[in-house]
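Below: the structure, in structure tokens.
The values are calculated or read from the model by the stated rules, or taken from the named source; none is laboratory data. These numbers come from a predicted model, not from an experiment. Neighbour counts are summed over all protein chains in view; Cβ atoms, including those assigned to glycine, are modelled from backbone coordinates with ideal geometry. What goes into the accessible areas is simple: the full protein's heavy atoms, side chains included, and nothing from ligands, DNA or RNA. Shrake-Rupley method; radii C 1.70, N 1.55, O 1.52, S 1.80 Å.
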Amino acid sequence: MKLHIKLIRSTIKRVENQKRVARALGLHKMNKVRVHDDNPVIRGMIYKIRHLVEVTEVSE
């Protein structure tokens, strides 16, 4: 299973570790979508910035 992760809120005025997580997921600009495999590491990263992203599960 894959996850489509879209950055829907800005990282401006956010805690530094939240900015780093967004960058690590490949989310550099607003409304950009990145596709990642569904695994516990990615899920944990999404949980850290759940208020900034929109996640859609997509079957392969």
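A few notes on this one:
- Residue that is farthest from residue 1 (Cα to Cα) [pool: residues in the range 28-60 that are open to solvent by 80 Å² or more (accessible area, probe 1.4 Å) and part of a helix (DSSP H, G or I)]: 48
- One residue stands out among those in the range 1-27 that are under 10 Å from the mean Cα position of the chain (by Cα) and in contact (Cβ under 8 Å) with a residue 40 or more places away in the chain: the one that is surrounded by the most Cβ atoms within 10 Å (Cβ to Cβ), which is 5.
- Remark: pairs (first residue in the range 28-54, in contact (Cβ under 8 Å) with a residue 60 or more places away in the chain; second residue open to solvent by less than 70 Å² (accessible area, probe 1.4 Å); Cβ separation under 8 Å; 6+ apart in sequence or on different chains) are absent.
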